[in-house]
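Written out below as structure tokens is the structure these notes cover.
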Amino acid sequence: MTDKTERLHLEVTGATPRELGLSRGGALRGTLAGAYAKYAELFRVLGVGEEREREGVERVIAALAGWRPALLEELGGVAEGAGVELSQVVALNARTEIIALGGLASSECSTLTARTGGHRYGAQTWDWHIELDAFWHTHTVMGPGLRYAGLTEQGILSKIGVNEAGLALHFNILGHRDDGPFGVPMHLLSSVVLSECRAVDEAVELIRSAPIASSSAFTMLDSRRAVSVEMSPAGVFVIDEADGSVQRTNHFQHEAPLAAQKTEVYEPDSSARLELLRARLSGGLPDSATAMVRVLLTEEGEPPLTCRADMSKGYGERWETLATILTDPDARTIRIFDGMPSSAIEAGAWRVLTAAG
């Protein structure tokens, strides 16, 4: 695993999309090719061959050309700056959609928001394949749009973050039977939301305009509202805050996409985690950032709100909580801990990033 004291941070800057890409790619030159190779290996483990990956990349490029061609300019800059093929950068940004072409049971992330005295916070665990721990980093992005900061992976434009206008975005993968790399990849949609939208309402409107052909949930919060937006080939569905909180795991909560969910991928794990989150919040909302992290702790015998990799298994089945994240949209900050919530409480060595100018 990566030395946690040396976790990479990028300051991505540029006056144009291409310059933004060159900035990111140049900082990752020499390492981005390795990240793609490890993801290509995962695609094969999950049953997605080279031809299906290539076809998926071509379809994503066509979708982006018709919706946000500036994204292709930025991805081209990443490829040029890092000295890799554009197709490899597109595949990384579409890794969620390409993975959806395969099939393997998964354990994934848990997210919640809480309103305390009119102030909203977001918290999340990011669970992913332990073999990919070396290929994530933090970043601050300053380009032609809104400035944003957060956590992402090598060559991927965005994942979890907060922007200078006070909009925070958390990310959970969902699974629908019609998912595939046929529209805008979710990680690129995250980048567009954070760079273009100043509030939850704007973000929901933008998401509804996007050519979506895969499934994820963006849990978003600003000073006035918190929602979890379920996106899928069946449509876009908004789950509103209830009793001051939104809780999100990896299954659909709206009945329309739920009817065609890939239940075998995330269940029964996801429902059990959601029930645990809601049970812990039933006695009252957490009143501090530390209290929010405590909600995400997993005790012996409980559903895995955090994951420890089973190293007796192979690549594709070893899940680990790689990071713990807290967002404060009012302060325009995101706090990222390199590891599990239990260690975050004990060690407290958070990396704090601000999106404020």
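The values are calculated or read from the model by the stated rules, or taken from the named source; none is laboratory data. In this text, all values refer to a predicted model and were calculated from it rather than measured experimentally. Virtual Cβ from ideal backbone geometry, glycine too; neighbours counted across all protein chains shown.
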Just one of (1) within 25 Å of residue 14 (Cα to Cα); (2) without any contact (Cβ under 8 Å) to a residue 24 or more places away in the chain; (3) over 21 Å from the mean Cα position of the chain (by Cα) trips up residue 66, so point out which.
(2)
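Could we say that residue 146 is surrounded by 24 or more Cβ atoms within 10 Å (Cβ to Cβ) and at pLDDT 95 or above here?
Values: surrounded by 24 or more Cβ atoms within 10 Å (Cβ to Cβ): no; at pLDDT 95 or above: yes.
Judged against the criteria, residue 146 is not a match.
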Selected residue [at pLDDT 95 or above and on the phi > 0 side of the Ramachandran plot] from 77, 83
83
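Table: residues versus (1) in contact with a helix residue (DSSP H, G or I) (Cβ under 7 Å, 6 or more places away or on another chain); (2) not small (Gly, Ala, Ser).
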{"residue": "284", "(1), (2)": "no, no"}
{"residue": "290", "(1), (2)": "yes, yes"}
{"residue": "314", "(1), (2)": "no, no"}
{"residue": "327", "(1), (2)": "no, yes"}
Within the stretch 296-303, is even one residue under 26 Å from residue 240 (Cα atoms) and surrounded by fewer than 20 Cβ atoms within 10 Å (Cβ to Cβ)?
yes
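Looking at the stretch 210-227, which of its residues are more than 16 Å from residue 169 (Cα to Cα) and of a type in the set (Val, Ile, Thr)?
212
Say we look at the stretch 80-99 and pick out the residues that are among the small types (Gly, Ala, Ser) and over 29 Å from residue 175 (Cβ atoms); which of these is surrounded by the most Cβ atoms within 10 Å (Cβ to Cβ)? It would help to see each step written out before you state the result.
Kept after step one, since they are among the small types (Gly, Ala, Ser), are these residues of the stretch 80-99: 81-83, 87, 91, 94.
From what is left, the residues that are over 29 Å from residue 175 (Cβ atoms) are 81-83.
Values: 81: 23, 82: 26, 83: 13.
Applying the filter and picking the extreme gives 82.
I'd like the full set of residues that are part of a helix (DSSP H, G or I), more than 17 Å from the chain's Cα centre (by Cα) and closer than 28 Å to residue 117 by Cα, limited to the stretch 201-225.
Of the residues in the stretch 201-225, the ones part of a helix (DSSP H, G or I) are 201-209.
So of that shortlist, the ones also more than 17 Å from the chain's Cα centre (by Cα) come out as 201-202, 205-206, 208-209.
Answer for the stretch 201-225, where residues must be part of a helix (DSSP H, G or I), more than 17 Å from the chain's Cα centre (by Cα) and closer than 28 Å to residue 117 by Cα: 201, 202, 205.
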Quick check on my filter: what residues within the stretch 228-283 are among the charged types (D, E, K, R), closer than 18 Å to residue 171 by Cα and either loosely packed, with under 15 Cβ neighbours inside 10 Å or not assigned by TED's automatic domain parsing to the domain that holds residue 117 (or both)?
240
Can you name every residue in the stretch 46-62 that is assigned to a helix (DSSP H, G or I), surrounded by fewer than 23 Cβ atoms within 10 Å (Cβ to Cβ) and small (Gly, Ala, Ser)?
62
Tell me whether the stretch 282-290 contains one or more residues that are in a helix (DSSP H, G or I), under 23 Å from residue 200 (Cβ atoms) and either at pLDDT below 95 or polar (S, T, N, Q) (or both).
yes
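Just to be sure before I move on: is residue 35 part of a helix (DSSP H, G or I), outside the structural domain of residue 126 (by TED's automatic domain parsing) and free of Cβ contacts under 8 Å to residues at least 12 places away in the same chain in the structure I sent?
Numbers: part of a helix (DSSP H, G or I): yes; outside the structural domain of residue 126 (by TED's automatic domain parsing): yes; free of Cβ contacts under 8 Å to residues at least 12 places away in the same chain: no.
Answer is no for this residue.
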